[in-house]
1. With a 1.4 Å probe and every protein chain kept in, tell me what percent of the accessible surface of the chain is carbon plus sulfur.
2. Could you check what % of the DSSP bridge pairs in the chain are antiparallel, to the nearest 5?
3. Using +1 on the beta carbon of Lys and Arg, -1 on that of Asp and Glu, and nothing else charged, what's the dipole of the stretch 206-310 about the Cα centre, debye to 20?
4. Work the Kirkwood hydrodynamic radius out for the stretch 1-102: mean of 1/r over every pair of different alpha-carbon atoms, inverted, in Å.
5. Which of Lys11/Lys121; Lys498/Lys589; Lys335/Lys498 have a Cα-Cα distance over 21 Å?
6. Could you tell me which of rounded, prolate or oblate describes the stretch 555-596, using a ≥ b ≥ c as the square roots of the eigenvalues of the alpha-carbon gyration tensor, with rounded for a/c under 1.5 and, failing that, prolate when a/b is larger than b/c and oblate otherwise?
7. Please state the shape class of the stretch 146-193: rounded when a/c is under 1.5, otherwise prolate if a/b exceeds b/c and oblate if not, all from the C-alpha gyration tensor.
8. Send over a whole-number figure in Å² for the accessible area per residue of the chain, probe 1.4 Å.
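The values are calculated or read from the model by the stated rules, or taken from the named source; none is laboratory data. Just so it is clear, the structure is predicted and the values come from calculations on it, not from any experiment. Reconstructed Cβ throughout: ideal geometry from the backbone, glycine too, with neighbour counts over all protein chains shown. Areas reflect the complete protein model, heavy atoms only, side chains present, ligands, DNA and RNA absent. Shrake-Rupley method; radii C 1.70, N 1.55, O 1.52, S 1.80 Å.
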Amino acid sequence: MKPSPDTLAVKPALLLVDLQNDFLSSPSLEPHRGFITRNSEQMLLHCRQQGIPVIHVLTTIDSDGGNRMPHWKEMDTWSCVSGTTGHETPALLTPLPDERVVHKSFFSAFSTPALDEVLVKLQIDTLWICGVHTHGCIRSTALDAYTRGLSTVVIDDAVGSDDPLHAQITRRYLRRRAVRFAVSDEMTGSVETPRADTEVARITARVASAVTAAQAAAGAWRRHEDEERLAFLERLASGIEGEASSLTDAIVGEIHKPLRYALEETARSSELIRAICRSVRADRDVSRPRSQARRTPHGTLAIITPWNNPLAIPTGKIVAALAFGNSVVWKPSPKCPDISRKFLSLCSEAGIPHDVLLQIEGGSEIAEALMEASGIDGVAITGSLQAGRSAQEITSVRMIPLQAELGGNNAAIVWEGCDLAEAARLIAEAAFGFAGQRCTANRRVIVSSSSHQGFLDHLILATQALPWGDPAEARTIVGPMIDEPASMRIDRLIEAAKQRFETIVPHQSAPAGPGAWYAPTIVVCDDPSDEIVQEESFGPVLVVQRARSWDEAMYLCNGVRQGLVASIFSTNPDLCSDFVDRARAGIVKVNLATSGADAELPFGGWKQSGIGPPEHGPGNREFYTRWQSRYDGHRERG
């Protein structure tokens, strides 16, 4: 049973700031309004159940506009005018009669005396804040709370901004001023969320020690001939191959990746190393009689990797950095510590000097501190869009290079004349294999209207045929999700979608045994602006969209913020050629689903799927080294 507010050590109140239709309807809002309002609703219901006071803070503009902020007057902005639908909140966030409402016309919720009066009357000492915009009203409110001595928690998955980079700057700024950021599941107690290490001095010391050691080792490592460095790395490839069975078992056991995909990942890791070694040997510097240009390593790099490919992604980044003469400080995901330590042990057994590759464990605070460290000369990261925004902000301030792979919302177009059954089979596995937890997973499929029902029938059958169960079994394609919070996140997304669209669940019962199971789910959605279309679910969800013309199909394909992979199924060579020309994605495929990539080719997304050069292939030298030109004059004869 959850404690009543009378037994809590603090007296909290929930502050819902500017959750109004005019602000939430901004097309540039990140994340999507559905995500913000759903998590705000979760906080609201929790507080109502627990008797925790709720205060709704609304921007309220008079009908004559006289109380608008000066810059709104200059820009002729009319938002949240009293009595309009834009002033209203979404229905699920409507204040109850006994809940307090505070009206404001400037940024901070404290810009009117009303909020202070309410907080004093209720003896509140802690604020939990949801709302928009993170960089504006949330920031101003949090800082004003700070000046009043109030403890403040910003609910990080229940806030949003139409200026997302500025929002990321705000997060870092506020954290340093004792404002805590937490997620709604942690605050409501619906899951156990590990508390972040927020002791700034201790984090900084840990990171500084690792970076200093890696810097000291960089010079000697750089002075090795290429072949010397590559010999270490080829021994690492052999070590991975020799330990393939134990590495595969560790991947299956720690992140529940089905055996077939874990085997592929282990094989891909050694393949990546050998591809990197070949590319280093093949490249040449530029030389002229009295001038030359060469590629030189940056120095010491921060590498930050996720849990879903815990061996292959670190291998591709770390080995490329080392091959070109850099030292590395690596922060893996805290969700896969055993696999990360096994990889580090194999690097040591291959003879790679200890301080040339150092690992530092921890969460997002460690990642930010690592990127901020003065000895770091570049950052390579794979993660969420928010993680990429954080890296972009930090590296731009420090003026160091960034390579960021930020996932995808990948679409396949299925057009008339193709083999619908074969397309459905390939797309179903690409969408639901490993429970959709791959950055190249098929998230959306766009089908011509004339083929829509026929394809949908084949897709349901193909999904039903996917083996679902124990990830340790060789036949399994769909295993459990990484953990319960991930499964709950998908469940909330689907429950919201069910209220608006047709949802189909071909597998009706979960397998026996432990695991965060979530059934593969097909959502038929003809609203391209909806959250289920616009946001990467990173789970076993496939959205089917209908297109009445080829131009509409291309519009839908390109109509999301991400641009990692796009594919087409068609027998028409002209359409395939037009698709390749018009698809706004870093990887395009013809008569293939979106999942998977070649170790020799560049891997990187366009738009919000990537920042900086792509991974792999020629992208490695482009990112992990930089040009240096040298000119020599005539020598004087003595």
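1. Details: 13860 of 26810 Å².
Result for the chain: 52 percent of the exposed heavy-atom area is carbon or sulfur.
2. On the way: 20 of 84 bridges.
Here the share of antiparallel DSSP bridges comes out near 25 percent.
3. Working: 16 positive and 14 negative charges, 142 e Å.
In debye, rounded to 20, the stretch 206-310 gives about 680.
4. Numbers: mean 1/r = 0.0657 Å⁻¹.
One decimal place: 15.2 Å for the Kirkwood radius.
5. Values: Lys11/Lys121 12 Å; Lys498/Lys589 31 Å; Lys335/Lys498 31 Å.
Among Lys11/Lys121; Lys498/Lys589; Lys335/Lys498, the Cα-Cα distance tops 21 Å for Lys498/Lys589; Lys335/Lys498.
6. Numbers: a/c = 2.10, a/b = 1.34, b/c = 1.57.
The shape class here is oblate.
7. Details: a/c = 2.33, a/b = 1.21, b/c = 1.93.
Cα axes put the stretch 146-193 in the oblate bin.
8. Details: 26810 Å² over 638 residues.
Per residue, the chain has an accessible area of 42 Å².
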